[in-house]
Ligand code: HPA
């Protein structure tokens, strides 16, 4: 794996010589357009990077955009790799690891999620304070990659406290209401059952979704600082009277992309 990663990193460096990103961004449904706001951008389709997985999900473009965003050197992954598409977790986190080896010390992730926290409503933005993953796989399963991190990494500070503070302050400066809570990972692609959502609630979850957690585990393993946000696109199964649909998720993501992107940009600006 480390040899594959090194090969990918070399190819990326060949396209943007000397460029070392400060922040790796993985943008979920609706926020992909932020990659178009990157200045001095070098765009590298995943297909041009040896060993890099290629994304199949609708709305996920599948390219890496390197440049400046809100004053920070960024590497934006436009398109991510979900388990439900058929990728193993090791493939899901491939990009995070490659960007870590390229020099990124911070990961900023966003996702679309179903909401179940008290007082949550579609359109809310939730700062991810922690996560629950009771699904049996892990991106770290198998031989450890010592060049990235240790065998049994701590997850107590996976969502970096100092960056959570940045997010709270950023939201305050923009007057954007910010929910906070726990994201629970479900592998999908089917949405959860109402019983699963009641169980998630009893376990302490505030939002549910099918992404982000593998990448955050890989980032924590590799010693990165992480900031994560969920856009609550629908109330989770059983908490609304109509059926869940991807269209509802995409509609909310589209409606909220202005405020959500402003918050992400302000966080980038305010990061040390
Ligand atoms: N469940 C899982 N993933 C999601 C949801 C949901 O309700 N909404 C958007 N992504």
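What to note about this one:
- Taking the centroid of alpha carbons for each part, region 102-163 and region 1-37 are 19 Å apart.
- Relative exposure of 233, 267, 40, judged by other C-beta atoms within 10 Å (fewest first): 40, 267, 233
- Between 0 and 90°, nearest 10: helix 161-174 axis offset from the chain longest Cα axis: 70
- Pairs of Cα atoms nearer than 8 Å and 6+ residues apart set the relative contact order; for the chain it is 25 percent.
- Protection proxy ranking of 249-261, 75-87, 93-105, by the mean of other Cβ atoms within 10 Å over each peptide's residues and highest first, is 93-105, 75-87, 249-261.
- Choice from 33, 135, 19 with maximal GNM fluctuation in the chain (Cα, 10 Å cutoff): 135
- Pair residue 36, residue 157: separation of 7 Å Cα→Cβ label points (nm): 3.9
- Between helix 194-203 and the chain: long-axis angle, C-alpha atoms, 0 to 90°, nearest 10: 70
- Max mean-square fluctuation residue, GNM over the chain, Cα-Cα springs under 10 Å, options 48, 136, 36: 136
- Nearest-ten-degree value, helix 2-15 long axis tilted from longest Cα axis of the chain: 80
- Estimated [θ] at 222 nm from DSSP helical runs (n ≥ 4, -39500 (n - 2.57)) normalised by residues in the chain, nearest 500: -9500 deg cm²/dmol
Readers should treat all values here as calculations from the given coordinates under stated rules, not as data from a laboratory. Note that the structure is a prediction, hence the values are computed from the model and not measured. When we count neighbours, we look across all protein chains shown, and the Cβ atoms used for this are built from the backbone with ideal geometry, even at glycine.
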